[in-house]
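Structure, as structure tokens:
Readers should treat all values here as calculations from the given coordinates under stated rules, not as data from a laboratory. Because the structure is predicted, anything quoted here is derived from the model rather than measured. Cβ placement follows ideal geometry from the backbone for every residue including glycine, while neighbour counts extend to all protein chains displayed.
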Ligand SMILES: [Zn+2]
Ligand SMILES: [Zn+2]
């Protein structure tokens, strides 16, 4: 697969905890979601995941993580085999988008959350995020 190598000037960088996996991204058009599904909760060991979606050509690996795991036939989750950080979700039906773990950005606070999904399994002690569109299940 050919990966886009040129990016617009507005760039952010990110990577895993140990630094083995690194990427660059243009987040100008990023759409950001919090996901409360059980796959995210158990995979991250966290009440929810936060990820941003950008067009595929706005994201480029500088050094790609070696770990990959699937919990269903709908997606592959890429993670760093050295430190375990979950970096990117690659959906079999979303070939045109990159879905990236917000917390792996070097400056994650630059993004705000637009939507929350799978709120049916949101922890009772986690409040809805003000201004974020709420979805009981997925976005559909
Ligand atoms: Zn790592
Ligand atoms: Zn999820």
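Among 103, 123, the order by Cβ neighbours within 10 angstrom, fewest to most, reads 123, 103. Within the stretch 12-122, DSSP assigns beta bridges of which about 90% are antiparallel (rounded to the nearest 5).
If you stretched the chain out fully between residue 38 and residue 72, how much longer would it get, using 0.36 nm times the residue separation minus the C-alpha to C-alpha distance? Mind dumping the intermediate values first?
Working: separation 34, 0.36 × 34 = 12.24 nm, distance 1.24 nm.
Gain in length upon complete extension: 11.0 nm.
Counting neighbouring Cβ atoms within 10 Å and putting the fewest first, the residues 115, 29 line up as 29, 115. Rg and Dmax of the chain, based on Cα coordinates, read 14.5, 44 Å.
Summary value for the chain: 25 percent relative contact order, contacts being C-alpha pairs under 8 angstrom separated by 6+ residues.
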